[in-house]
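This report refers to the structure that appears directly beneath it.
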Protein chains: 2
Amino acid sequence: MKNESVPFIMLAEKSSDAPFYRQIYESVRDAILSGRLTSGTRLPSSRALAAQLGVSRITVVNAFDQLLAEGYLEGRTGAGTFVASEIPDDLLTVNEPEPTGAQTPETRPPPPAISKFAMEIRGERSGTDADWDRVVPFRNGVTAIREFPFDIWEKIAVRVIRQAARRFRGYGVPAGYLPLREAIAAHLSGSRGVRCGADQVIITSGAQQALDLIGRVLLDRGDRVWVEDPCYQEALAVFRLGGAEVTAVPVDVDGFDVGAAESVCADAKLVYVTPSHQYPTGATMSLARRLELLDWARRRGSWIVEDDYNSEFRYTGRPLASLQNLDRHDRVIYVGTFSKTVFPALRLGCLIVPVNLADIFAAAKNLCDTHTALIEQAVLAEFIAEGHFARHLRRMRSLYEMRQAFLVDESGRRLAGMMKISKASSGMHLIGWLRDGLDDRAVALKGREIGLDLTPLSSYSVTKRQPPGLVLGYTGFNEREIAEAVEKLRSVLGSFD
Amino acid sequence: MKNESVPFIMLAEKSSDAPFYRQIYESVRDAILSGRLTSGTRLPSSRALAAQLGVSRITVVNAFDQLLAEGYLEGRTGAGTFVASEIPDDLLTVNEPEPTGAQTPETRPPPPAISKFAMEIRGERSGTDADWDRVVPFRNGVTAIREFPFDIWEKIAVRVIRQAARRFRGYGVPAGYLPLREAIAAHLSGSRGVRCGADQVIITSGAQQALDLIGRVLLDRGDRVWVEDPCYQEALAVFRLGGAEVTAVPVDVDGFDVGAAESVCADAKLVYVTPSHQYPTGATMSLARRLELLDWARRRGSWIVEDDYNSEFRYTGRPLASLQNLDRHDRVIYVGTFSKTVFPALRLGCLIVPVNLADIFAAAKNLCDTHTALIEQAVLAEFIAEGHFARHLRRMRSLYEMRQAFLVDESGRRLAGMMKISKASSGMHLIGWLRDGLDDRAVALKGREIGLDLTPLSSYSVTKRQPPGLVLGYTGFNEREIAEAVEKLRSVLGSFD
């Protein structure tokens with residue numbers, strides 16, 4: 001037990017804008033952790049140290065109190081304050097960062113390992129702080145956000161927040177806020193022919209989480225999954241990274257074809273389809289194909305995941321009924337999203353699951369993130385229940401139809417001979433077909449240089465090569481923006497002639 | 001090709017409050033799907049059917065248009081409207097639900113299988129719509145929500161919503177809204193001594209999602225994990241259901257002990273600890289134990305998960321520095337939550353990860369749910385940056401301290417000889433120790449009958465048997481509620497004498 005006093009305590013320079021008590025705390029702590037102050041060393045009295053440092057005594061006392069509380073120091077009645085004797089000296093220096101090259105490969109401790117899943121997603125590009133809010137034509141999947149009735153949203157939000165202390169005292173239920181589940185069940189049965197009650201609705205943080213939950217609840221590592229080719233890549237990634245063996249099945253103008261699938265891979269436990277509007281080709285799955293798929297699922301005991309991502313935007317006639325509507329054997333899991341109909345940053349989506357799976361999906365949701373934020377669930381519930389949602393959808397339907405027509409007209413006039421594009425009866429994007437042999441990725445890269453956001457069709461291809469094309473989102477941009485972007489696109493395509 | 005006209009179309013009774021066009025659509029569709037109307041059958045003219053049903057012709061035309069669009073009918077110029085010939089007749093009847101008992105076990109198709117994960121969570125209780133908002137003493141982990149400054153929250157929310165169309169045009173970055181990550185990094189380095197920049201912060205939908213992401217990014221099936229015994233059960237469940245082999249290590253008054261762990265299970269890839277305030281015993285991990293744990297992780301190449309769930313509520317002195325603060329080898333993953341400091345329904349939490357893992361965690365977050373809702377992230381960012389968060393924490397710290405003292409006093413006066421309870425220097429709950437031999441689960445059940453929410457200490461036990469006790473949350477209840485609840489508890493405990 002050493003009893004000599006510490007000669008002085010130096011304040012670290014780097015923390016000079018921190019409060020004095022914290023500077024003292026840190027320098028004593030660092031001195032102990034680096035072994036410069038050893039167990040049993042007596043510290044100067046708070047009075048002496050205060051005088052030495054030119055600070056008030058209470059500042060030193062505060063620092064010492066913190067060090068005492070955290071176990072660095074110990075007080076002995078009448079004797080003063082000491083570096084704690086319980087600190088294991090041999091651990092102190094090993095806690096310092098190793099000097100570079102100080103250890104041979106044999107003695108250097110192993111770096112911690114990450115999971116196989118993490119190894120596979122390493123290097124994935126997932127949005128950077130610099131460019132995340134840069135939304136330019138023809139980014140796909142963004143809404144006409146300037147047309148969203150944020151004034152109504154604000155009024156509802158204020159009302160919900162004022163009631164929050166009364167309505168949201170603790171945690172919510174994992175399946176989601178009941179009034180929102182009721183509003184969604186009513187909306188989907190009316191507009192999409194989905195057969196469900198609120199007890200079958202699971203509120204998710206967007207469609208992506210819905211897909212992730214499906215992977216967890218329905219698939220084990222090694223299970224076979226069919227997806228469409230071309231395919232929504234984030235769905236493919238979720239199934240693949242969950243360990244499923246994914247087979248991509250080429251789609252045609254009638255959408256996914258069970259017969260074609262069986263000829264590529266004899267069987268699957270789950271099939272992921274976008275029947276209303278195949279992503280990204282836009283094909284609508286025919287009635288015959290729907291019935292065949294349901295029959296296959298019934299015969300084989302398989303699951304059908306129906307991603308109904310932008311089916312609300314049908315410009316001729318009413319939206320087609322969902323595939324789930326035809327299911328009589330509880331084989332269909334329906335995925336819906338409000339990212340396209342409200343706004344993407346909202347992060348609300350839903351699953352409609354067979355009654356006997358509702359509790360399991362809720363339990364899985366509970367383990368994933370307890371439940372989705374209640375205030376936004378409540379705001380959306382009232383937004384739907386009061387009719388604002390249906391009204392907004394109607395407005396966007398006619399706005400998007402006009403924007404689509406404008407894009408087709410502008411492209412027809414200015415890009416004749418360079419790109420073929422034609423009207424579609426639904427969706428939020430069109431495919432601009434390029435001339436054979438052109439590399440659509442090269443076109444997209446070139447476009448990026450002059451501020452265009454172009455998605456090459458080939459980026460959705462899984463195994464089957466697609467003809468060159470660009471996936472052009474038009475819903476998020478007004479006519480001036482579209483016209484300017486078409487002009488830019490002309491210069492890009494011209495450079496490939 | 002049959003050409004005879006359909007005798008009549010009957011409207012289904014059950015849908016009598018649906019619009020007429022929909023009733024017509026549904027009855028024709030159901031007739032086709034059940035095989036009553038076969039391929040090639042000619043339908044009556046819209047005029048004739050309108051007259052027969054007593055509705056306007058446009059109503060019938062609307063229904064026919066929908067049926068044509070969905071492929072149930074086809075029009076032949078000059079000849080009328082027919083049931084589509086492409087519908088495969090043999091699929092129609094199989095789409096009907098099987099009559100009960102109609103099939104032998106041999107011919108009945110297999111029911112779809114769910115995953116192993118789903119099999120294990122089947123039957124988990126995860127909150128019901130009936131009781132979710134019933135928050136009564138002594139529910140643990142709820143805040144004094146009536147004291148939350150919702151007026152300020154509302155003002156910020158209004159501001160954020162008014163800027164939303166400009167700020168949130170598309171999707172956000174998976175790691176989270178940069179101003180919130182900056183605010184959290186600044187707050188945690190000041191109040192918790194966490195060493196991090198905004199680039200190390202991943203915003204999650206609550207701490208539960210943080211744990212789930214950790215499991216995915218760091219663990220493979222079969223990896224060994226140490227947890228504390230007793231333990232926060234939702235963490236245990238996430239690791240276990242992810243396929244890890246979990247070993248529970250008894251804690252003592254100094255918290256988790258590496259030496260004890262190694263004697264139970266030689267090694268682990270990851271250890272989950274609550275060093276500031278062991279959950280639920282309240283023990284603070286000693287400095288020596290912290291250094292030992294960090295040294296072990298460095299030597300073995302293992303990960304330490306520090307769940308810092310309610311460390312802000314320290315009633316004597318300042319909060320102790322985090323374990324992450326001592327880490328010089330990038331072994332610690334820090335988990336924080338705003339459920340206890342803002343309100344539980346918010347669903348915002350964070351991960352602080354070593355710099356070289358930040359991109360991988362962001363990519364995993366992207367696959368799980370793209371990103372957390374932006375409006376609430378932005379509101380919280382401004383709430384923190386403007387100082388409201390720190391002010392609210394200070395107010396709650398003194399309020400919770402008073403509520404704790406009140407609970408201890410009341411219990412001391414009214415439950416003497418029945419339950420031992422003493423003050424703690426931190427946390428949001430106390431343990432009320434029952435007399436030896438009493439079954440704390442039976443006490444909790446009895447309490448539920450008269451409206452108390454009691455959590456038996458034994459429910460946190462993994463393998464080691466705990467002495468009987470009740471985990472009593474006090475932060476969410478005022479003195480009147482606590483006094484009444486203590487009186488109720490007296491009658492419950494009295495009934496066990």
> Any idea what diffusion coefficient segment A:20-88 gets from Stokes-Einstein, in µm²/s, Kirkwood Rh on alpha carbon pairs, 10 °C, 1.306 mPa s?
Replying inline: 134 µm²/s
> Per residue of B:286-296, what is the mean number of Cβ atoms on other protein chains within 10 angstrom of that residue's Cβ?
Replying inline: 5
>> Given Cβ point charges of +1 (Lys, Arg) and -1 (Asp, Glu) and nothing else, what value in debye, to the nearest 20, does the dipole of segment A:391-494 about its Cα centre take?
In response: 320 debye
>> If I compute solvent accessible area with a 1.4 Å probe over the protein chains, what percent of it on the protein assembly as shown is carbon and sulfur?
In response: 50 percent
> Over all distinct alpha-carbon pairs, what is the Kirkwood Rh of segment A:147-245 in angstrom?
Replying inline: 16.5 Å
> Roughly how large, in nm² to one decimal, is the mean projection of the convex hull of the alpha-carbon atoms in segment B:391-494?
Replying inline: 6.8 nm²
>> I want to make sure I understand the PRE zone here: with the label point 7 angstrom from the Cα of B:A79 toward its beta carbon, which residues in segment B:19-46 have backbone N atoms less than 16 Å away?
In response: B:38-45
> In degrees between 0 and 90, to the nearest 10, how far off the longest principal axis of chain A does helix A:388-414 point, with axes built from Cα atoms?
Replying inline: 70 degrees
> Given charges of +1 on the Cβ of Lys and Arg and -1 on the Cβ of Asp and Glu, with all other atoms neutral, how large is the dipole of chain A about its Cα centre, in debye to the nearest 20?
Replying inline: 1160 debye
> Could you state the number of Å between the C-alpha centres of segment B:381-396 and segment B:280-320?
Replying inline: 25 Å
>> So, for the protein assembly as shown, what is the accessible surface per residue at a probe of 1.4 Å, expressed in square angstrom?
In response: 39 Å²
> With charges only on Cβ, +1 for K and R and -1 for D and E, what is the dipole size of the protein assembly as shown about its Cα centre, in debye, rounded to 20?
Replying inline: 1760 debye
> Between A and B, buried accessible area summed over both sides at probe 1.4 Å, in Å² to the nearest 100?
Replying inline: 11100 Å²
> Taking the label point 7 Å from Cα in the Cβ direction, how far apart in nm is A:V61 from each other copy of itself, listed shortest first?
Replying inline: 9.1
> Straight-line reach from B:K423: which aspartates and glutamates have Cα under 15 Å away, leaving out those fewer than 8 places along the same chain?
Replying inline: B:E401, B:D409, B:E410
> Of all the Cα-Cα pairs you can form in segment B:148-387, what percent are over 30 Å apart?
Replying inline: 24 percent
> Which of B:F383, B:L430, B:M419 sits farthest toward the positive end of the charge dipole of segment B:344-433, with +1 on the Cβ of Lys and Arg and -1 on the Cβ of Asp and Glu?
Replying inline: B:M419
> For segment A:126-267, with the dipole built from +1 on Lys and Arg beta-carbon atoms and -1 on Asp and Glu ones, taken about the Cα centre, which of A:A164, A:L241, A:T143 lies farthest toward the positive end?
Replying inline: A:A164
>> If amide hydrogens are placed 1.01 Å from N in the peptide plane, which non-local residues have theirs closer than 5 Å to the one on B:D229?
In response: B:V249, B:V251
> For chain A, what value does the Rg/Rh ratio take when both radii are computed over Cα atoms and Rh is the Kirkwood radius, given to two decimals?
Replying inline: 1.13
> For segment B:55-74, which residues drop by 10 square angstrom or more in accessible area between the chain on its own and all protein chains together (1.4 Å probe)?
Replying inline: B:N62, B:Q66, B:A69, B:E70, B:Y72
> Could you give, in nm with one decimal, how far B:R36 is from each other copy of that position, shortest first, with labels 7 Å out from Cα toward Cβ?
Replying inline: 9.1
>> For a quick check: with amide H placed at 1.01 Å from N, whose amide H comes under 5 Å from A:V271's, ignoring anything fewer than 5 positions away on the same chain?
In response: A:W226, A:W303, A:I304, A:V305
> Once the Cα atoms of helix A:206-218 and of chain A are each reduced to a long axis, what angle between those two axes, in degrees from 0 to 90 to the nearest 10, is obtained?
Replying inline: 90 degrees
>> 7 Å along Cα→Cβ for the label point: how many nanometres lie between A:R134 and each equivalent label in the other copies, listed shortest first?
In response: 5.5
> Mean projection of the alpha-carbon convex hull of segment B:299-396 over all orientations, in nm²?
Replying inline: 7.9 nm²
> Which FRET efficiency value, to the nearest 0.05, is calculated for B:S491 and B:R435 with the Förster distance at 22 angstrom and r the Cβ-Cβ distance?
Replying inline: 0.85
>> How much of the DSSP bridge set in chain A is antiparallel, in percent, rounded to the nearest 5?
In response: 55 percent
> With each run of n ≥ 4 DSSP H residues scored as -39500 (n - 2.57), what mean residue ellipticity at 222 nm is computed for chain A after dividing by its residue count and rounding to the nearest 500 deg cm²/dmol?
Replying inline: -12500 deg cm²/dmol
> According to a simple spin-label model (label point 7 Å from Cα along Cα-to-Cβ), what is the distance in nm between A:A288 and A:L393?
Replying inline: 3.1 nm
> Can you list the aspartates and glutamates whose alpha carbon sits under 14 Å from that of B:K464, skipping same-chain ones fewer than 8 residues off?
Replying inline: B:E228, B:D229, B:D252
>> Ratio of alpha-carbon Rg to the 2.2 N^0.38 Å globular estimate for the protein assembly as shown, to two decimals, please.
In response: 1.05
> When all protein chains stay in place, what accessible area (Å², nearest 10, 1.4 Å probe) is found for A:W433?
Replying inline: 100 Å²
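The values are calculated or read from the model by the stated rules, or taken from the named source; none is laboratory data. Note that the structure is a prediction, hence the values are computed from the model and not measured. Methodologically, a virtual Cβ is constructed for each residue, glycine included, from the backbone with ideal geometry; neighbour enumeration extends over all protein chains shown. Keep in mind that these areas ignore ligands, DNA and RNA; they rest on the heavy atoms of the full protein, side chains included. Shrake-Rupley method; radii C 1.70, N 1.55, O 1.52, S 1.80 Å.
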